[in-house]
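Chemist: Before I ask anything, let me first share the structure, which is written out below as structure tokens.
The values are calculated or read from the model by the stated rules, or taken from the named source; none is laboratory data. It should be emphasised that the depicted structure is a prediction, and the values quoted were computed from it without experimental measurement. Positions of Cβ are generated from backbone atoms using ideal geometry, with glycine treated the same way; all protein chains shown enter the neighbour counts.
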Number of protein chains: 2
Amino acid sequence: MADRDRIIVTLGETLAALVEAKKYTTLRDILVTMNATDIAVIFEDLPETKLPLLFRLLPKELAAETFVEMEPEAQELLIQGFSDNELKEVVDELYVDDAVDLVEEMPANVVKRILKQADPEMRKMINEILKYPEDSAGSIMTTEYVSLRPIMTAEEAIKRIRRTGVDKETIYTCYVTDNNRKLVGMVTLRTLLLAEEDDRVEDIMEDNVISVSTLEDQESVVQMMAKYDWAAIPVVDQETRLVGIVTIDDAIDVLQEETTEDFELLAGMTPSDKPYLRTGVFETWKSRVPWLLILMLSATLTSMVLTGFESSLAACSALIAFIPMLTGTGGNSGTQSSVAVIRALSLGEVEFTDTVRVIWKEIRVGVLCGVTLAACNFVKLLVVDRMLLGNEGVTPLVAGVICLTMVLTVLCAKTVGCVLPLLAEKIHLDPAVMASPFISTVVDVTTLLLYFQVAKLMLGI
Amino acid sequence: MADRDRIIVTLGETLAALVEAKKYTTLRDILVTMNATDIAVIFEDLPETKLPLLFRLLPKELAAETFVEMEPEAQELLIQGFSDNELKEVVDELYVDDAVDLVEEMPANVVKRILKQADPEMRKMINEILKYPEDSAGSIMTTEYVSLRPIMTAEEAIKRIRRTGVDKETIYTCYVTDNNRKLVGMVTLRTLLLAEEDDRVEDIMEDNVISVSTLEDQESVVQMMAKYDWAAIPVVDQETRLVGIVTIDDAIDVLQEETTEDFELLAGMTPSDKPYLRTGVFETWKSRVPWLLILMLSATLTSMVLTGFESSLAACSALIAFIPMLTGTGGNSGTQSSVAVIRALSLGEVEFTDTVRVIWKEIRVGVLCGVTLAACNFVKLLVVDRMLLGNEGVTPLVAGVICLTMVLTVLCAKTVGCVLPLLAEKIHLDPAVMASPFISTVVDVTTLLLYFQVAKLMLGI
């Protein structure tokens with residue numbers, strides 16, 4: 001991939017030089033051999049003023065495809081430079097789901113122009129999709145699918161696909177509906193093509209079709225497609241009438257977005273849908289500072305615990321040196337379980353009803369990990385800290401306090417780490433917000449309380 | 001999805017009851033209406049001894065599909081129960097890439113039986129794919145693709161697809177090769193079907209086909225397919241001869257696996273490819289304890305720093321209470337940048353050559369975040385800790401020490417957080433190992449050193 005990216009950068013420089021030299025025919029000849037995704041990347045790096053001119057060099061279809069791949073800012077700029085006719089040409093070539101994305105991104109006055117240039121059929125479809133809530137199956141579906149009737153023969157079906165297929169998002173998965181637009185089956189072009197010409201659609205179709213409702217959450221739609229290896233999934237309304245389909249290419253985009261969102265939440269950042277290097281410093285600050293602030297302020301609790309035990313600490317100052325190790329190990333243990341559970345939840349491997357099984361597993365893992373760590377730590381404390389580093393405060397009894405705290409901390413952290421994401425799922429929060437930073441704060445306080453209680457009991461301070 | 005899962009659980013119970021009651025005809029009638037993925041899930045929960053019997057109820061094709069979806073343990077069990085003839089029937093129905101996955105999972109004696117039952121053509125293809133390194137494009141490709149010749153007409157091409165398509169993994173993307181098997185173009189079934197019958201393939205094909213080499217890393221292959229919205233990508237050898245294709249359904253599986261792996265590394269766990277609830281306690285312990293141990297032992301550094309400054313801490317004990325807040329905020333800040341960079345790297349938005357841009361961005365974000373946090377903290381320290389909680393050790397000067405340390409810590413953490421993953425990428429390590437737990441340990445030590453230096457300078461202790 002890196003190699004390819006470098007080639008595109010070099011190509012971009014060549015094209016920029018050609019623009020500079022006004023060699024438009026050569027430019028056009030090169031552009032038509034390229035694909036829309038790469039052209040979009042290169043165009044974004046060229047001076048804005050050249051954009052409308054370059055765009056006009058592209059053949060109609062490639063122009064529309066390139067347009068779809070560009071960032072909203074560049075799209076707006078282009079539309080502002082378009083004549084009504086040019087705008088119509090681009091809009092006519094768009095698939096309806098891409099048109100919807102565009103309408104959602106543009107300011108009101110641009111949207112008005114777009115809808116005015118769209119033909120009535122397209123306008124109706126755009127408005128149809130726009131009414132579904134964000135992140136629902138309805139909002140990511142397209143209404144441009146192939147629908148067949150049960151009584152058609154394979155030959156008739158293929159003829160119909162040939163006639164109407166050019167405007168459809170996919171022709172490879174076709175849906176079979178009855179007179180009331182109710183979904184009754186699904187048939188792939190592969191099945192149609194490999195069947196006998198006079199086989200009836202109803203005889204060769206899959207009639208146990210799994211569909212999703214328009215309001216289904218987009219993430220679960222996509223996980224379902226990934227699980228069953230489907231190229232498309234039908235979307236139906238409350239009366240099980242077919243209203244649209246979600247295709248795999250759009251599903252993958254959703255998958256990537258949702259994954260990025262999980263990573264961002266996991267690290268305590270407000271999700272953003274812009275690529276890293278295109279997000280401004282101020283915007284990045286805005287997405288990061290709220291969580292840092294909340295977590296910093298909630299650390300007041302740890303300060304309070306430490307202040308409360310100031311006299312105990314003064315009595316046995318050797319304990320202070322191991323606070324970061326204990327809270328750190330607690331935090332890491334908790335992060336491991338929370339991330340494992342968060343991922344399992346988002347892959348659908350675990351759900352809320354599994355809570356008891358999950359906790360039972362984490363408790364056992366916690367005991368194993370805690371005991372292993374404590375044993376190693378005990379040896380390390382006496383050999384490294386006491387003997388090698390000459391820290392005389394680390395008596396066997398102090399080492400015992402530290403190691404007992406270690407076992408309890410790891411156990412608590414593992415339990416808290418697995419429970420919080422499950423609770424979040426239950427109350428319909430994204431489990432990923434319960435990740436690393438949040439868990440660490442909870443675990444820090446718990447660890448300190450445990451540490452001082454154990455010290456009090458064992459050292460009598 | 002959850003609803004659907006519940007339905008499958010209920011259905012599983014019904015089927016188990018039918019097995020118990022030996023109502024095999026009813027069972028068969030239900031099973032044939034279901035899809036392979038769901039059947040596999042249900043079969044795995046039934047008693048092992050019933051498995052071979054149930055499996056024999058399935059029609060041939062569905063049986064093979066179900067087999068592919070099962071866990072390796074169940075597959076092995078089934079194969080051991082198969083007669084040679086039954087095994088041959090299943091193997092004959094498998095796509096070659098699924099057969100390769102099977103061969104890779106099974107113990108040697110089972111592999112021998114499988115290869116013996118595979119027909120010579122299949123055996124040759126399996127061995128072909130097996131020779132590519134793990135995680136390479138070659139290892140995830142299939143050799144069952146449709147290849148066309150440039151001089152064919154659209155009609156001839158479609159006829160060829162009808163004739164040979166039944167064994168191909170996909171018939172929707174076809175590749176055009178010359179007499180030396182060199183890749184010269186790509187044409188979709190859609191284009192063929194919508195073209196005139198006597199259009200030549202060479203005139204309607206895409207001749208600027210992007211391909212990957214057999215040794216390309218699977219993750220970058222998949223990111224490329226996602227970026228360009230491709231349903232398949234051709235894999236070529238050193239002489240640009242077409243040797244196979246990777247299809248989107250397999251690409252999505254790789255994408256999911258790689259994402260899970262990133263999550264696991266991010267949380268300091270050794271990646272495992274088993275679902276959460278299917279991984280045993282001991283196995284989970286083994287994947288988690290090494291990182292915890294390493295990080296716990298490396299915390300010896302923080303203990304050393306703290307012990308070294310014991311006398312300073314005794315002189316101004318108020319400082320102790322804010323250690324977890326400072327190290328915590330540092331850790332969180334570092335995690336934010338490292339995770340943002342790790343994700344950008346894996347989406348191909350950033351690469352090593354962007355290092356300077358990334359650092360410059362993180363420094364500015366770090367200053368903004370650090371100053372915001374320090375300002376809020378200063379107010380909080382004087383109002384909450386000093387006035388409300390009556391902690392008299394928190395003088396304005398002490399608050400100043402804490403807040404100056406805060407700015408420096410956040411700045412360092414952001415820089416370290418973005419640099420480490422980029423360095424890992426450079427030396428061909430997975431950047432995700434440089435995440436949260438690792439960064440926290442580095443940041444803890446830095447924070448403490450900064451804290452005591454600032455305290456020494458400002459408080460003269």
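Chemist: When you check A:L193 against the structure, is it modelled with pLDDT of 90 or more and not in a strand (DSSP E or B), yes or no?
Modeler: yes
Chemist: Right, B:S337: in contact with a Gly (Cβ under 7 Å, 6 or more places away or on another chain), under 12 Å from A:Y276 (Cα atoms) and of a type in the set (S, T, Y) or not?
Modeler: Answer is yes for this residue.
Chemist: Here is a further query. Kindly provide the set of residues from segment A:433-448 that are closer than 12 Å to A:S333 by Cα and surrounded by fewer than 24 Cβ atoms within 10 Å (Cβ to Cβ), ordered by number.
Modeler: none
Chemist: Kindly provide the set of residues from segment A:10-30 that are among the aliphatic types (A, V, I, L, M) and surrounded by fewer than 13 Cβ atoms within 10 Å (Cβ to Cβ), ordered by number.
Modeler: A:A17, A:A21
Chemist: Still on this model: Please list, ordered by residue number, the helices (runs of 4 or more DSSP H) wholly in segment A:12-120 having 3 or more residues that are β-branched (V, I, T).
Modeler: In segment A:12-120, A:24-31, A:36-45, A:96-105, A:108-117 are the helices (runs of 4 or more DSSP H) which contain 3 or more residues that are β-branched (V, I, T).
Chemist: Only one of (1) over 30 Å from A:S220 (Cα atoms); (2) more than 26 Å from the chain's Cα centre (by Cα); (3) aliphatic (A, V, I, L, M); (4) surrounded by 15 or more Cβ atoms within 10 Å (Cβ to Cβ) fails for A:L148. Which number is that?
Modeler: With respect to (1) over 30 Å from A:S220 (Cα atoms); (2) more than 26 Å from the chain's Cα centre (by Cα); (3) aliphatic (A, V, I, L, M); (4) surrounded by 15 or more Cβ atoms within 10 Å (Cβ to Cβ), A:L148 is out only on (1).
Chemist: Only residues that are within 11 Å of another protein chain (Cβ to nearest Cβ) and farther than 20 Å from B:E156 by Cβ: list them for segment A:184-194, please.
Modeler: A:T188, A:T191 - these are the residues of segment A:184-194 that are within 11 Å of another protein chain (Cβ to nearest Cβ) and farther than 20 Å from B:E156 by Cβ.
Chemist: Something else now. Take the residues in segment A:209-238 that are more than 14 Å from A:I252 (Cβ to Cβ) and buried (at least 23 other Cβ atoms within 10 Å of the Cβ), then tell me which one is nearest to the other protein chains (Cβ to nearest Cβ).
Modeler: Across segment A:209-238, the extreme among qualifying residues is A:V212.
Chemist: What's the total number of residues in segment A:242-263 that are at the interface with chain B (Cβ under 7 Å from one of its Cβ atoms) and farther than 30 Å from A:I171 by Cβ?
Modeler: 2
Chemist: If I filter segment B:333-366 down to residues being in contact (Cβ under 8 Å) with a residue 40 or more places away in the chain and among the polar types (S, T, N, Q), which single residue comes out as surrounded by the fewest Cβ atoms within 10 Å (Cβ to Cβ)?
Modeler: This residue is B:T355.
Chemist: Sort out which residues of segment B:233-247 are in a loop (DSSP other than H, G, I, E, B) and either without any contact (Cβ under 8 Å) to a residue 12 or more places away in the chain or among the polar types (S, T, N, Q) (or both), and write them in order of number.
Modeler: B:Q238, B:T240
Chemist: If you check A:I161 against the conditions, is it buried (at least 18 other Cβ atoms within 10 Å of the Cβ), facing chain B (nearest Cβ under 10 Å), in contact with a Cys (Cβ under 8 Å, 6 or more places away or on another chain) and among the hydrophobic types (A, V, I, L, M, F, W, C)?
Modeler: yes
Chemist: So, in segment A:52-65, exactly how many residues are under 17 Å from A:K22 (Cα atoms) and either touching a residue at least 40 places away in the same chain (Cβ under 8 Å) or more than 32 Å from the chain's Cα centre (by Cα) (or both)?
Modeler: Result for segment A:52-65: 6.
Chemist: A follow-up question, please. Exactly one of these conditions fails for A:T191: (1) out of contact with any Ser or Thr (no Cβ under 6 Å at 6 or more places or on another chain); (2) surrounded by fewer than 17 Cβ atoms within 10 Å (Cβ to Cβ); (3) of a type outside the set (G, A, S). Give me its number.
Modeler: So the condition that A:T191 fails would be (2).
Chemist: Where residues in segment B:3-59 are among the basic types (K, R) and within 25 Å of A:E351 (Cα to Cα), which of them is modelled with the lowest pLDDT?
Modeler: Within segment B:3-59, the match that is modelled with the lowest pLDDT is B:R4.
Chemist: Within segment B:172-185, restricting attention to residues that are over 20 Å from B:V254 (Cβ atoms) and within 29 Å of the chain's Cα centre (by Cα), which residue is surrounded by the fewest Cβ atoms within 10 Å (Cβ to Cβ)?
Modeler: Residue satisfying both the conditions and the ranking: B:Y175.
Chemist: Can you name the number of the only condition in (1) out of contact with any Cys (no Cβ under 7 Å at 6 or more places or on another chain); (2) part of a helix (DSSP H, G or I); (3) of a type in the set (A, V, I, L, M, F, W, C) that A:V341 fails?
Modeler: Condition (1) is where A:V341 drops out.
Chemist: Still on this model: Of the residues that sit in segment B:31-51 and are buried (at least 17 other Cβ atoms within 10 Å of the Cβ) and more than 16 Å from B:E71 (Cβ to Cβ), which one is nearest to the chain's Cα centre (by Cα)?
Modeler: B:N35
Chemist: Tell me the residue from A:T327, A:T372 that is crowded, with 23+ Cβ neighbours inside 10 Å, at the interface with another protein chain (Cβ under 9 Å from one of its Cβ atoms), more than 17 Å from B:E310 (Cβ to Cβ) and not basic (K, R), please.
Modeler: Step by step, each of A:T327, A:T372 is checked, and only A:T327 is crowded, with 23+ Cβ neighbours inside 10 Å, at the interface with another protein chain (Cβ under 9 Å from one of its Cβ atoms), more than 17 Å from B:E310 (Cβ to Cβ) and not basic (K, R).
Chemist: What number of residues within segment A:383-411 satisfy the criterion of being in a helix (DSSP H, G or I) and surrounded by fewer than 16 Cβ atoms within 10 Å (Cβ to Cβ)?
Modeler: 5
Chemist: Mind counting the residues in segment B:126-151 that are of a type in the set (S, T, Y), in a loop (DSSP other than H, G, I, E, B) and closer than 21 Å to B:I114 by Cα?
Modeler: Residues meeting the conditions: 2.
Chemist: Okay, moving on. Yes or no: segment A:152-171 includes at least one residue that is part of a helix (DSSP H, G or I), hydrophobic (A, V, I, L, M, F, W, C) and under 33 Å from the mean Cα position of the chain (by Cα).
Modeler: The answer is yes, given that some residue of segment A:152-171 is part of a helix (DSSP H, G or I), hydrophobic (A, V, I, L, M, F, W, C) and under 33 Å from the mean Cα position of the chain (by Cα).
Chemist: Considering only residues that are facing chain B (nearest Cβ under 7 Å) and closer than 24 Å to A:V41 by Cβ, look in segment A:268-295 and name the one that is surrounded by the fewest Cβ atoms within 10 Å (Cβ to Cβ).
Modeler: My answer is A:L277.
Chemist: Looking at segment B:429-446, is at least one residue assigned to a loop (DSSP other than H, G, I, E, B), in contact with a helix residue (DSSP H, G or I) (Cβ under 9 Å, 6 or more places away or on another chain) and not aliphatic (A, V, I, L, M)?
Modeler: Yes: segment B:429-446 contains one or more residues that are assigned to a loop (DSSP other than H, G, I, E, B), in contact with a helix residue (DSSP H, G or I) (Cβ under 9 Å, 6 or more places away or on another chain) and not aliphatic (A, V, I, L, M).
Chemist: Also, quick follow-up: I'm checking my understanding of the structure. Among residues of segment A:416-461 that are in contact (Cβ under 8 Å) with a residue 60 or more places away in the chain and of a type in the set (S, T, N, Q), which one is farthest from the other protein chains (Cβ to nearest Cβ)?
Modeler: Looking at the filtered set, the residue picked out is A:T446.
Chemist: A further question on this structure: On the given criteria, is A:T372 among the polar types (S, T, N, Q), assigned to a helix (DSSP H, G or I), within 29 Å of A:D262 (Cβ to Cβ) and out of contact with any Asp or Glu (no Cβ under 7 Å at 6 or more places or on another chain)?
Modeler: Against the criterion (among the polar types (S, T, N, Q), assigned to a helix (DSSP H, G or I), within 29 Å of A:D262 (Cβ to Cβ) and out of contact with any Asp or Glu (no Cβ under 7 Å at 6 or more places or on another chain)), A:T372 does not qualify.
Chemist: Does B:R343 qualify as being farther than 21 Å from A:L293 by Cα, basic (K, R) and at pLDDT below 95?
Modeler: Yes; evaluated as a whole, the condition is true for this residue.
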